[in-house]
Structure formats: C-alpha cells, structure tokens
Ligand code: SF4
C-alpha cells in the first residue's frame, strides 16, 4: 500500500496542504470535471481535446484529486486511469450494448426505486458520485438531474416502502449515496428505519476507494445510529487498497458496520489471476469481505471493459484452488432483461464428464468391496 499525498506528482496539487488534501470537502470541490481541467493536469496536447469533448457530451467526467493521484503516469495501462480517464471507446459502441440492460426502469414503481425481488428494493437517492467510473452500469444516469436533497423524490420512496410489507431490506444506492448531505442522509435512513417491517439497511458506496476522507467520525456516527446497516463498496484493483482506504474501512468497522466488497471483472484492469488474488488478499488484510465479483454488464459505453465469462470462470477456478475461502467472492452475472443474478461456478472438467457418464460416482475400480 502506498501513501498518497507525499507522492502527488501532478503540479496543480503539489502545494496543497495536508489539511486540505485530507478534507473531503476540499477533494469534492476540486474534482476534475471539465475537459480543459483534465488536459491541464495531464499536460496534454490540446489537439486531442476535441475527442474527449465528444465523450463528455455523452458521459460526464468527474475524478477526485485523491483518486487521480493513484494513477501511475508512467504506465499507459494503469488500472486506475483505465477506470476513471475518458476514453473514446466509450462512444464507439462497437458491440452494441444498451443503456439499461437490466431494465431497472421497468421495475420502478416510483421514480428511483427498483423493486425486483420481493424482500428487498434498491433506492437511487442521487446520481452524483465522487468519481465517475467509466465502467459504471448506471452511466446512463450521470447527466440526468436527480437532486439527492429533493424531499418529494425521497418521500415517494419512503411512502412506497412503508406500504409494501414484503420489503425487509432497503439498499441505498446511487450514484453514490455518501455524496448526499448528512442531514438528508440521516433523515432518509431514519425514516426507513422507523418503518416496522424494515429489518436491514444496506449502503452501496465507492467513497472508501475514491474519496476515503469522506468517512468521518460524524458520518460513522450517523450510519451507526441506523444499524443493522451493511456497507458494500467496490475495490477493483490492489492499487486501490491505500492506507487512506484502509483507514476508512476500519472506521466503518469500528462503528459496527460490516464492510463487503463487490468488484467488477474489467478487461485490462483485473482480468487475471494474480491481480485478483492480490486484491482479495489485500481486502482480507483490511477486514473487508469479498462478496461478489460481477461480470461487467452489457451497458452501452462499456464494451472495452468486458472480459468474456470463460476467462472469468478460469480465474475463479484458479482462485478456488489457491486461496482461502474467506478471499473468495461469488462470481455472478446479472442476466439482461431484469431476470436476476446468476452465479457462475468453475466446473472442473473431470466432474463435468462424470456427471454425464456417472463415471465418478459409480467407478467400479474405486469400489473397495
Ligand atoms: S461510484 Fe458507483 S455509481 Fe458512481 S460511477 Fe462508480 S460505479 Fe457508478
């Protein structure tokens, strides 16, 4: 794990004080959001700006200085850069893909609330994130205006949940719900918690990775109040397990909030055994439980990230044979059309053959009698 601030090489931030650097509001305010800003920090040739301008017309740009500082500029395939830098392939749509392959909008009884499985629902309380991940499966929403502090929008969700007794768990998602102001977040979580049939809350946030200083004592206090509350984050590469991210996860754990990880299999970023092994070992070291490894959804603008399932299964098979069970996530594919998650298991050849021939179970040579 490398410590970051002392390593900031980008000129624009070299003189920023530690106090500012570790202040999440400074990080949030100084996010890179325009193409000229992006070009400036990269010292880029203005000739290629035109291409990037086209990309942001479809998919906006947003990177915290912290996350940006993790990029190794000397590596043209840097895994952090691949996840947050603009890429013209986002608008090439070479192999198709659709904006909403999981048909989330179809399953919204009220705006922003996805009710697909009987016992739980997802509420999208904002579309803002600290950093926009170029592989995001909700990148269609980045440009849409959703105000996280729009009380009427949030009230409709609370109202629906309160009238739907089958729902026992609410997954608070986005965008990144931790970009919503603390007062609104506290009120919203408290309103859900006050509903008698709600047993569990879940928060999905990538903030521990992209802007870990946002995990403050005050925020932990708020989340703690609304337990049982589970926290799911998204580390995709060992380079993201920084001392700052580890500290953020530690603070959540100390507040009694279990932290799990949902990574995404990303071509060129983590689609090999060694990277995955190091990622899961690293997560285990910081007490974050690997929960899911998602096959990258067929979302428009993410083609270049999609590894094929066979290679994912091969990685899982190797992990299965080499690492501790506590380091193993479940590899899943969200079936397009909103048909739900499908687990993808490694299936050893010898067993596949045996199941069709019954060889393994009824092999006479194996009989002791
Ligand atoms: S933080 Fe989550 S919602 Fe936001 S861009 Fe990244 S993956 Fe998408």
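Among the residues of segment 193-213, those identified as in a helix (DSSP H, G or I) and either within 12 Å of the ligand (Cβ to nearest atom) or over 23 Å from the mean Cα position of the chain (by Cα) (or both) are 193, 207, 208, 209, 210.
Would you confirm whether or not segment 90-98 contains a residue that is on the phi > 0 side of the Ramachandran plot, crowded, with 20+ Cβ neighbours inside 10 Å and touching a strand residue (DSSP E or B) at 6+ places or on another chain (Cβ under 8 Å)? No: segment 90-98 contains no residue that is on the phi > 0 side of the Ramachandran plot, crowded, with 20+ Cβ neighbours inside 10 Å and touching a strand residue (DSSP E or B) at 6+ places or on another chain (Cβ under 8 Å). Applying a threshold of 8 Å to beta carbon distances and a minimum spacing of six or more residues, or different chains, the list of pairs starting in segment 193-211 at a residue that is more than 25 Å from residue 288 (Cβ to Cβ) and ending at one that is near the ligand (Cβ under 8 Å from one of its atoms) and modelled with pLDDT of 95 or more is empty.
Scanning segment 163-179 for residues that are surrounded by 22 or more Cβ atoms within 10 Å (Cβ to Cβ) and either part of a loop (DSSP other than H, G, I, E, B) or away from the ligand (no atom under 16 Å from the Cβ) (or both) turns up 167, 170, 174, 175, 176. Among residues of segment 156-175 that are within 13 Å of residue 229 (Cα to Cα), those with a beta-carbon under 8 Å from a residue that is part of a loop (DSSP other than H, G, I, E, B) and more than 16 Å from the ligand (Cβ to nearest atom) at least six positions away or on a different chain give the pairs 168/119; 168/197; 168/198; 168/199; 169/119; 169/198; 169/199; 170/198. Would you mind stating whether residue 293 is modelled with pLDDT of 95 or more, over 20 Å from residue 138 (Cα atoms) and not in a loop (DSSP other than H, G, I, E, B)? So residue 293 does not fit the description; no. Being surrounded by fewer than 21 Cβ atoms within 10 Å (Cβ to Cβ) and either within 30 Å of residue 318 (Cβ to Cβ) or modelled with pLDDT of 95 or more (or both) is a description that applies to residue 232.
Residue 268 meets each of the listed conditions (1) buried (at least 17 other Cβ atoms within 10 Å of the Cβ); (2) away from the ligand (no atom under 16 Å from the Cβ); (3) in a loop (DSSP other than H, G, I, E, B) apart from (1). If you filter segment 82-113 down to residues that are within 25 Å of residue 188 (Cα to Cα) and in contact (Cβ under 8 Å) with a residue 12 or more places away in the chain, you find that the one that is farthest from the ligand (Cβ to nearest atom) is 109.
Candidates 354, 311, 260: the one that is modelled with pLDDT of 95 or more and either outside any strand (DSSP E or B) or surrounded by fewer than 19 Cβ atoms within 10 Å (Cβ to Cβ) (or both) is 260.
Restricting attention to segment 114-139, and to residues there that are within 16 Å of the ligand (Cβ to nearest atom) and in a strand (DSSP E or B), which single residue is surrounded by the most Cβ atoms within 10 Å (Cβ to Cβ)? It comes out as 124. Evaluate the following for residue 155: is it farther than 17 Å from residue 257 by Cβ and surrounded by fewer than 23 Cβ atoms within 10 Å (Cβ to Cβ)? Spelling it out, residue 155 is indeed farther than 17 Å from residue 257 by Cβ and surrounded by fewer than 23 Cβ atoms within 10 Å (Cβ to Cβ).
Is it the case that some residue within segment 216-227 is under 22 Å from residue 137 (Cβ atoms), crowded, with 17+ Cβ neighbours inside 10 Å and touching a strand residue (DSSP E or B) at 6+ places or on another chain (Cβ under 8 Å)? No, every residue in segment 216-227 fails to be under 22 Å from residue 137 (Cβ atoms), crowded, with 17+ Cβ neighbours inside 10 Å and touching a strand residue (DSSP E or B) at 6+ places or on another chain (Cβ under 8 Å).
The values are calculated or read from the model by the stated rules, or taken from the named source; none is laboratory data. Keep in mind it's a predicted model, so treat the numbers as computed, not measured. Glycine also receives a Cβ, built like all others from the backbone with ideal geometry; neighbour counts cover every protein chain displayed.
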